[in-house]
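Peer 1: Structure incoming, see below.
The values are calculated or read from the model by the stated rules, or taken from the named source; none is laboratory data. Quick caveat, the model's predicted, so the values are computed rather than measured. Methodologically, a virtual Cβ is constructed for each residue, glycine included, from the backbone with ideal geometry; neighbour enumeration extends over all protein chains shown.
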Amino acid sequence: MKTIGAEHIKDLCTGAAFLATGGGGDPYVSQLLAERILHQVGPAQLISPGDLRDDAFVVSIGMVGAPTVTLEQLPTVDEAIGALNRYEAVTGKHIDAVIPFEVGGGNSTIPPFVAAMKGIPCVDGDGMGRALPEAQMMTFPIYGAKPTPAVIMDAFGNWELLECADAMSFEKEIRAKAVAMGGMVTSAEHGMTGALVKRSAIPHTLSFATRLGALLRHHDGHIDAIEPELFALFEASDYGVIKRLFTGKVIDTTRKIVGGYDVGTATVQSFEDAGRRMELLIKNEYLVASINGRTVASVPDLICIVEQETARPLNAERMRYGQRIAVFGIGCTQHYRTAQALSVTEPRAFGFDLDYIPLEDINEDIDFP
Amino acid sequence: MRIGIDVGGTHTDAVLMNGMEILCAHKALTSSDVRQGIIEALDRVMTEGRVDVTAIEAVMIGTTHFTNAVIERKQLSPTAIIRACLPTGSGLPPLCDWPTDIASALGNHGHMIGGGYMFDGRQIAPIDETALDEAIADIIHSGVKSIAVSAAFSPADNAHELEIAARIRRRIPDANISMSHEIGRLGILERENAALLNASLGELATKVVSNMEAALAERGLRCPFYISQNDGTLMSAQFIARYPALTFSSGPTNSLRGAAVLSGMQDALVVDIGGTTLDVGVLANGFPRESNSHITVGGVRTNFRMPDILPIGLGGGSLIADEGASVGPQSVGHRLVEEALVFGGSTLTATDIAVANGSVSVGQPARVQTLDRAVVERATQRIHRMIDEAIDKMRPSEAPVPVILVGGGAILVSRELATASSVIVPEHAGVANAIGAAIAQVGGEVEQLVSFSKHSRDRVLADMTREAQAKAVAAGAEPKTLRVLDIEETSVSYMDDDAARIRVKVVGDLRHSP
């Protein structure tokens, strides 16, 4: 893919929903907005991180806040471009390209349309390769990018310049500001050089999500029928490893909001053997999967769930008793396998008392159905 | 005594009821003339039930008229919309996600002005009166009389919508105005879409209501009449002219409510098997469980209250293939009576399997005696497994549930269903829709995004319940009979721990006119 236009957005959103590992909210509003704008201004150029000049200046952009708020307070055309322009005015730097925070969920659609509006390229990559709830979990700060200066803007054109010591403080600050500014803001942040993007960004995730979405959307049938194609797609990508971890029926779900997070569990029962059960631990996203007490996949590896009969990605908020699902474990890219990356994304970073073991290592001796 | 009439696409059903007792029932083909169809239905049940018009206290009518108008894009009035949201929302103007054919049927009259609210109750902006007057002038110029009004977070605070509607009415006294907070829920795009559809049906509704009134008057019925809504409650004739869109999907709802009455069950699954499809719905507390996802009506995304229905491709006319291993989704449909083996045709259908395995005797059973027993057994097992699976997907938990079987395809069920604690096949199941209409109650509903850190949970729920009760009484409920049907509480992520979206719903019996 050399460009990304209105015709790609539906596929991108479906792929993004799969990679969102249960989080990311309903991308309908972001999908409509991106389609409309790209339809009006034409497609954005998509640039591979490797093709960026080392001294190019790249800014990450997306929305931060409560997705529920955008159901009523719909976005404007101007917030994203306003935040970028304000960023340039405040820092005095010219932005050469934009890049998404996270490919998982609605935030994947914002950089493409704002790039098209500004007439600059959008980097084909992101800072997560999935969805994760907090800023310090992005690969950008993990590999040396500073989150600030950051410019956040609301629908009214109100803006604030944030300066924080580190990614953890940035996360706290931006969350509080988002609530104070009406529940949702657009943030231009993590300004970095092309060289730093090459080192820190997970490459080719936008084009990958679009291909993945096209596969799932045009198939719309039983997951078994496209599994070979799905596996081939992931195995040829930077994710590398993909395994069907479980197939079964959701028999129980629990959930509550703790500290702003949608926290819960889900139990899935195997079709073949009623005694064989998978338990999923959820904190906005699916974070840990275990079978009969034994962990079979955990964050930062991806746990992706689709409805068995349609192969449509299943959001954690929509999970309920009786759904027939297929659970996939997908290896995170190399970016998340270093000690510094794991320290902020391993299960303990989410409060689960267990070690991260890479998907390909824990599963060697488990016989999957 | 009450009369319930269900005007469907194919059949018009009528029942005469005394309390919960069914005195007589009648089924006929739907006529193209609404008035005539209702007169015939009234005549049949009143003659058969031998009742005098003065004994009839109320007539309840369920109709698919308005759904069909939207699906066929027929008889929709040109409709404008004014949305108060600016400066937010400019990226997604009204009608932006509509299919072009229906958007042009309404005329593409979208306006956005300053106004609306935020999640915490603050105004996005005061109403921009200059922009509002310009929008109204524009609407007057275009000659459009049907107007939808929406504002951000109007389900939490409707003041801006009320103010805009009042201003429109001052300039266009005969305007037909639909305010989004009266029609839909949180989610402004879907809610204003619902309001737009509602406004566009206003003229048609006035016509349909006067036809219904004429039919009743012609038979000397002076009792009030009501139309059933998609949530299983009623609205009066004056309401229907203002809220026709609330009848969408009232058919399946009435069928579920009717099944509840027929079986005497308040909590059960209802499996309605027709010729081509099987619909599973859930009765909770005597009312249908509602769907939480978006409902698309004629290609337009809305958030109406609709029953949660799972359809699967299995019915009396389903084709049997692969030596009985595969049943449906293809079906001979209404040609069952010509094409099935037992009716002299040459197609092996699910009905033939039911006859061959001895569960029912229809047509010419001899014609299926020679079928391979293994095929019959395999298909029988397959049919029961499909039904079990559909029930399992809809039941609230793993515990077996009572199952009420309705519809002509109920003959397919001859064995135990593993998911069912009991299976009830009630009498008169064929007219469940009309029964559901006849027994409907009156309801009121309130939805808000609230923060318990400002007010205690009890206080918030008490306030909201009072508001819902007031709505129900305004809609015609007897205050003494009101009960809280449902309180739905959904926590909101990435907000305070105490932020939640709450919906309170109350119902009560119809207040008898003095």
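Peer 1: I'm trying to understand the selection: among the residues of segment B:140-159, which are assigned to a loop (DSSP other than H, G, I, E, B), more than 14 Å from chain A (Cβ to nearest Cβ) and crowded, with 18+ Cβ neighbours inside 10 Å?
Peer 2: Correct list: B:VAL144, B:LYS145.
Each row is one residue, and each column tells you yes or no for (1) surrounded by fewer than 19 Cβ atoms within 10 Å (Cβ to Cβ); (2) polar (S, T, N, Q); (3) farther than 27 Å from B:ASN254 by Cα.
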position	(1), (2), (3)
B:GLY315	no, no, no
B:ALA321	yes, no, yes
B:ALA325	yes, no, yes
B:VAL332	no, no, no
B:GLU338	yes, no, yes
B:VAL342	no, no, yes
B:GLY345	yes, no, yes
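Peer 1: How about segment B:472-483: which of its residues are buried (at least 18 other Cβ atoms within 10 Å of the Cβ) and either in a strand (DSSP E or B) or of a type in the set (D, E, K, R) (or both)?
Peer 2: Across segment B:472-483, the qualifying residue is only B:ALA477.
Peer 1: Is it the case that B:LEU417 is over 20 Å from B:VAL362 (Cα atoms) and at pLDDT 90 or above?
Peer 2: Answer is yes for this residue.
Peer 1: Another question, then. What are the residues in segment B:97-130 that are in contact (Cβ under 8 Å) with a residue 60 or more places away in the chain and closer than 28 Å to A:VAL179 by Cα, if any?
Peer 2: Hits for segment B:97-130 are B:PHE119, B:ASP120.
Peer 1: OK, next. Report, by residue number, each residue of segment A:301-312 that is in contact with a Ser or Thr (Cβ under 9 Å, 6 or more places away or on another chain) and surrounded by fewer than 23 Cβ atoms within 10 Å (Cβ to Cβ).
Peer 2: A:GLN308, A:ARG312
Peer 1: Okay, moving on. Any idea which of A:GLY50, A:GLY82 is in contact with a strand residue (DSSP E or B) (Cβ under 8 Å, 6 or more places away or on another chain), farther than 30 Å from A:LEU230 by Cα and not basic (Lys, Arg)? Spell out the reasoning first.
Peer 2: Numbers: A:GLY50 fails: farther than 30 Å from A:LEU230 by Cα.
Result: A:GLY82 is the single residue among A:GLY50, A:GLY82 that is in contact with a strand residue (DSSP E or B) (Cβ under 8 Å, 6 or more places away or on another chain), farther than 30 Å from A:LEU230 by Cα and not basic (Lys, Arg).
Peer 1: Could I ask something else about it? When both residues are 6+ apart or on different chains and their Cβ atoms are under 9 Å apart, which pairs have a first residue that lies in segment B:255-282 and is on the phi > 0 side of the Ramachandran plot, and a second that is in a loop (DSSP other than H, G, I, E, B)?
Peer 2: From segment B:255-282, the pairs are B:GLY264/B:MET20; B:GLY264/B:PRO426.
Peer 1: A further question on this structure: What number of residues within segment A:22-73 are of a type in the set (A, V, I, L, M) and more than 19 Å from A:VAL114 (Cβ to Cβ)? Reasoning before the result, please.
Peer 2: Restricting attention to segment A:22-73, the residues satisfying the condition of being of a type in the set (A, V, I, L, M) are A:29, A:32-34, A:37-38, A:41, A:44, A:46-47, A:52, A:56, A:58-59, A:61, A:63-64, A:66, A:69, A:71.
Pick out the ones that are also more than 19 Å from A:VAL114 (Cβ to Cβ) and you get A:66, A:69, A:71.
The total comes to 3.
Peer 1: Could you grab me the full set of residues in segment A:317-353 that are in a loop (DSSP other than H, G, I, E, B) and either of a type in the set (Asp, Glu) or within 20 Å of the chain's Cα centre (by Cα) (or both)? It would help to see each step written out before you state the result.
Peer 2: If we filter segment A:317-353 for residues that are in a loop (DSSP other than H, G, I, E, B), which is where we start, we get A:319-323, A:331-333, A:337-338, A:346, A:351-353.
A:MET319, A:GLY331, A:CYS332, A:THR333, A:ARG337, A:THR338, A:GLU346, A:ASP353 - these are the residues of segment A:317-353 that are in a loop (DSSP other than H, G, I, E, B) and either of a type in the set (Asp, Glu) or within 20 Å of the chain's Cα centre (by Cα) (or both).
Peer 1: Okay, next question. Quick check, is A:THR21 more than 25 Å from A:ASP96 (Cβ to Cβ), buried (at least 24 other Cβ atoms within 10 Å of the Cβ), among the hydroxyl-bearing types (Ser, Thr, Tyr) and more than 14 Å from chain B (Cβ to nearest Cβ)? Outline the logic, then answer.
Peer 2: Working: more than 25 Å from A:ASP96 (Cβ to Cβ): yes; buried (at least 24 other Cβ atoms within 10 Å of the Cβ): yes; among the hydroxyl-bearing types (Ser, Thr, Tyr): yes; more than 14 Å from chain B (Cβ to nearest Cβ): yes.
Criteria met by A:THR21.
Peer 1: Need at least 1 residues that are within 18 Å of B:ASN433 (Cα to Cα) per element, so show me which strands (runs of 3 or more DSSP E) inside segment B:280-332 make the cut, counting only ones lying wholly within it.
Peer 2: So the answer is B:309-312.
Peer 1: Take segment A:67-89 and flag every residue that is surrounded by 24 or more Cβ atoms within 10 Å (Cβ to Cβ) and of a type in the set (Gly, Ala, Ser).
Peer 2: Answer for segment A:67-89, where residues must be surrounded by 24 or more Cβ atoms within 10 Å (Cβ to Cβ) and of a type in the set (Gly, Ala, Ser): A:ALA80, A:ALA83.
Residues are listed down the side, and each one gets a yes or a no for (1) in a helix (DSSP H, G or I); (2) assigned by TED's automatic domain parsing to the domain that holds A:ALA97; (3) under 23 Å from A:LEU230 (Cα atoms):
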{"site": "A:LYS10", "(1), (2), (3)": "yes, yes, yes"}
{"site": "A:GLY15", "(1), (2), (3)": "yes, yes, yes"}
{"site": "A:PHE18", "(1), (2), (3)": "yes, yes, yes"}
{"site": "A:GLY22", "(1), (2), (3)": "no, yes, yes"}
{"site": "A:SER30", "(1), (2), (3)": "yes, yes, no"}
{"site": "A:ILE37", "(1), (2), (3)": "yes, yes, no"}
{"site": "A:GLN40", "(1), (2), (3)": "yes, yes, no"}
{"site": "A:GLN45", "(1), (2), (3)": "no, yes, no"}
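Peer 1: Here's a check for you: in segment B:231-264, which residue that is among the polar types (S, T, N, Q) and crowded, with 24+ Cβ neighbours inside 10 Å is nearest to B:VAL506 (Cα to Cα)?
Peer 2: So the first thing to find is which residues in segment B:231-264 are among the polar types (S, T, N, Q), and the list is B:233, B:236, B:238, B:247, B:249-250, B:253-255, B:263.
Those left that are additionally crowded, with 24+ Cβ neighbours inside 10 Å: B:233, B:247, B:250, B:253-255.
Details: B:THR233: 10, B:THR247: 18, B:SER250: 18, B:THR253: 17, B:ASN254: 18, B:SER255: 21 Å.
Taking the candidates together, the pick is B:THR233.
Peer 1: Of all residues being within 14 Å of another protein chain (Cβ to nearest Cβ) and among the hydroxyl-bearing types (Ser, Thr, Tyr) in segment B:84-134, which is nearest to B:ILE71 (Cα to Cα)? Just the residue, please.
Peer 2: The qualifying residue nearest to B:ILE71 (Cα to Cα) is B:THR100.
Peer 1: Next question. Could we say that B:THR64 is surrounded by fewer than 21 Cβ atoms within 10 Å (Cβ to Cβ) and either within 22 Å of B:GLY187 (Cα to Cα) or within 23 Å of the chain's Cα centre (by Cα) (or both) here?
Peer 2: Yes.
Peer 1: Moving to a separate point now. Could you please let me know if B:ALA137 is within 14 Å of another protein chain (Cβ to nearest Cβ), at negative phi and among the hydrophobic types (A, V, I, L, M, F, W, C)?
Peer 2: no
Peer 1: Then there's this: Would you check which residues across segment A:303-323 are under 21 Å from A:VAL241 (Cβ atoms) and either in contact with a helix residue (DSSP H, G or I) (Cβ under 7 Å, 6 or more places away or on another chain) or outside the structural domain of A:THR253 (by TED's automatic domain parsing) (or both) and list them?
Peer 2: Those that are under 21 Å from A:VAL241 (Cβ atoms) and either in contact with a helix residue (DSSP H, G or I) (Cβ under 7 Å, 6 or more places away or on another chain) or outside the structural domain of A:THR253 (by TED's automatic domain parsing) (or both): A:CYS304, A:VAL306, A:ALA311, A:PRO313.
Peer 1: Something else now. Find the residue count for segment A:262-289, including only residues that are in a strand (DSSP E or B), out of contact with any helix residue (DSSP H, G or I) (no Cβ under 9 Å at 6 or more places or on another chain), of a type outside the set (D, E, K, R) and over 21 Å from A:ALA311 (Cβ atoms). Please lay out each step first, then the result.
Peer 2: Looking only at segment A:262-289, we keep the residues that are in a strand (DSSP E or B), and these are A:262-270, A:277-283, A:285-289.
Filter once more, so that each one left must be out of contact with any helix residue (DSSP H, G or I) (no Cβ under 9 Å at 6 or more places or on another chain): A:263, A:265, A:267-270, A:277-279, A:289.
Narrowing the set further to residues that are of a type outside the set (D, E, K, R) leaves A:263, A:265, A:267-270, A:278, A:289.
Those left that are additionally over 21 Å from A:ALA311 (Cβ atoms): A:263, A:265, A:267.
Within segment A:262-289, residues that are in a strand (DSSP E or B), out of contact with any helix residue (DSSP H, G or I) (no Cβ under 9 Å at 6 or more places or on another chain), of a type outside the set (D, E, K, R) and over 21 Å from A:ALA311 (Cβ atoms) number 3.
Peer 1: Next question, about the same structure. For B:THR79, work out the one condition from (1) closer than 26 Å to B:HIS294 by Cα; (2) out of contact with any His (no Cβ under 9 Å at 6 or more places or on another chain) it doesn't fulfil.
Peer 2: Going through (1) closer than 26 Å to B:HIS294 by Cα; (2) out of contact with any His (no Cβ under 9 Å at 6 or more places or on another chain) one by one, B:THR79 breaks only (2).
Peer 1: Write out, first by first residue and then by second, each pair whose Cβ atoms fall under 7 Å of each other, whose residues are 6+ apart or on separate chains, and whose first residue, in segment A:178-193, is over 28 Å from A:GLY144 (Cα atoms) and within 9 Å of chain B (Cβ to nearest Cβ) while the second is of a type in the set (Gly, Ala, Ser) and not in a strand (DSSP E or B).
Peer 2: Partner pairs satisfying both residue conditions: A:GLY183/A:ALA66.
Peer 1: Mind listing whichever residues of segment A:251-296 are away from chain B (no Cβ under 11 Å), of a type in the set (S, T, N, Q) and at negative phi?
Peer 2: The answer is A:THR254, A:THR265, A:SER270, A:SER290, A:THR295.
Peer 1: Has segment A:48-58 got any residue that is closer than 30 Å to A:GLY329 by Cβ, basic (Lys, Arg) and either at pLDDT 95 or above or not assigned by TED's automatic domain parsing to the domain that holds A:ILE330 (or both)? Spell out the reasoning first.
Peer 2: Pass one, segment A:48-58, residues closer than 30 Å to A:GLY329 by Cβ: A:48-50.
Add one more test, that the residue is basic (Lys, Arg), and what stays is none.
No: zero hits.
Peer 1: Residue by residue through segment A:36-68, note down the ones that are within 14 Å of chain B (Cβ to nearest Cβ) and out of contact with any Gly (no Cβ under 9 Å at 6 or more places or on another chain).
Peer 2: Narrowing segment A:36-68 to residues within 14 Å of chain B (Cβ to nearest Cβ): A:36-41, A:62-68.
Once the filter is applied, which keeps residues that are within 14 Å of chain B (Cβ to nearest Cβ) and out of contact with any Gly (no Cβ under 9 Å at 6 or more places or on another chain), segment A:36-68 yields A:GLN40, A:VAL64.
Peer 1: Would you confirm, using the coordinates I've provided, whether B:SER228 is small (Gly, Ala, Ser), farther than 28 Å from A:THR68 by Cβ and touching a Leu at 6+ places or on another chain (Cβ under 7 Å)?
Peer 2: yes
Peer 1: Consider only pairs whose beta carbons are under 7 Å apart and that are at least six residues apart or on different chains; among these, list those whose first residue lies in segment A:276-287 and is in contact (Cβ under 8 Å) with a residue 40 or more places away in the chain and β-branched (Val, Ile, Thr) and whose second residue is surrounded by 24 or more Cβ atoms within 10 Å (Cβ to Cβ) and assigned to a strand (DSSP E or B).
Peer 2: The qualifying pairs are A:ILE282/A:ALA266.
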